[in-house]
Each structure stands twice: as structure tokens, then as C-alpha cells.
1. Taking interchain pairs and intrachain pairs at least six residues apart, which have beta carbon atoms under 6 angstrom, with the first residue in segment 91-119 and under 21 Å from Tyr65 (Cβ atoms) and the second open to solvent by 80 Å² or more (accessible area, probe 1.4 Å) and part of a helix (DSSP H, G or I)?
2. Tell me, which residue of segment 42-68 that is open to solvent by less than 20 Å² (accessible area, probe 1.4 Å) and among the hydrophobic types (A, V, I, L, M, F, W, C) is nearest to the chain's Cα centre (by Cα)?
3. Taking segment 39-56, which residues are among the aliphatic types (A, V, I, L, M) and more than 18 Å from Asp68 (Cβ to Cβ)?
4. Take the residues in segment 123-157 that are in contact with a helix residue (DSSP H, G or I) (Cβ under 9 Å, 6 or more places away or on another chain) and of a type in the set (D, E, K, R), then tell me which one is modelled with the highest pLDDT.
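The values are calculated or read from the model by the stated rules, or taken from the named source; none is laboratory data. Source: prediction; values computed, not measured. Glycine also receives a Cβ, built like all others from the backbone with ideal geometry; neighbour counts cover every protein chain displayed. For accessibility, only protein heavy atoms count, side chains too; no ligands or nucleic acids. Shrake-Rupley method; radii C 1.70, N 1.55, O 1.52, S 1.80 Å.
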Amino acid sequence: MKKLLLIMLMLVAVSTSSTTVVAQTRGGNQDREERLFIAKMKVIQEELKLDEEQTEKFAVIYRKYDSDMRKLFKKRYKRKPSGELTMAQALKMTNDHIDMKIDLLKLQKAYYKQYANVLTPEQLLRLDRAEQRIQFEIMKQGKNRKDRPRRHNNNND
């Protein structure tokens, strides 16, 4: 009887700890996404010289765009299959990538109509440049992460 009770307690402990790890991982992604959104908004605010009212109104629209864009990437992004790539696979991947770009451009076009309700014509034209700057910074940070040696967490230190 004691062994059965001990096994049940261990199962509860393991299931509780794994649920906590999953929740922390999801929370970490949301936290990272929120920090990235705030950084993007800072660049846009600086580049477009938005006043406080414009920033608040624009942020609401841009947050929805950012969410829709992430959903599009998650839906469309596919990893390269392992092993040797066939021509048919390469063509399919290329076509899928082009389709994703088309969908992204359609999404941007729809949101630019909404941005026009908040931004001046000059700001609307500069928005593309601000987003290019954001992409450049993201790519630069990604490259810096790849160049850094990975730290392994060894308990032997």
C-alpha cells in the first residue's frame, strides 16, 4: 500500500513539474515576443517621429499586424527535409516561399490602408524604411548569436 501511494505521489510530482516547464516555455516566448514588439515600436516611433497620440493609435494597429504576420509565418514556414533534396522538393519549397511573400505583401497592403488613418503621408512613406531597419537589426542580432560560441552548462565546473 505504501509503495502504491509513493508511486502515485511521484506521478503527480512529475506531471506537475512538466506542466510548469511547458507553461514557463510558452510564457518565455510571449515575453520575448512582447520585448521584440516594444523594440519595433521604438524604432518606428523614432524613425517616423510619432507623437504620443499617434504612437498609441498606431501601436494598436501594428500589434494586430505583427500577430497576423507571425501567424502567417507559422502557417507557411516549413523546414528543409533531412537528407538529399530532390528537384521536386526544391521547387515546391521555392513556390511555397514565394506564396508566403505574396501573402505577406497582401497583408502589408491591407494594413497600410489602416495606417493611413493615423499617419501623415510622409510618415506612411517612411514606414517601409523603418521596417527595413528593424529587419536589418533582427538579422544582425541573429548573425551575432550564430557567431558566438555556445556555452554548455556542465555541472563539472
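1. Here the result reads Val118/Lys57, each pair linking segment 91-119 to a residue that is open to solvent by 80 Å² or more (accessible area, probe 1.4 Å) and part of a helix (DSSP H, G or I).
2. Per the stated criteria, the residue is Ile44.
3. Ala39, Val43, Leu48, Leu50 - these are the residues of segment 39-56 that are among the aliphatic types (A, V, I, L, M) and more than 18 Å from Asp68 (Cβ to Cβ).
4. Looking at residues that are in contact with a helix residue (DSSP H, G or I) (Cβ under 9 Å, 6 or more places away or on another chain) and of a type in the set (D, E, K, R), I get Arg126.
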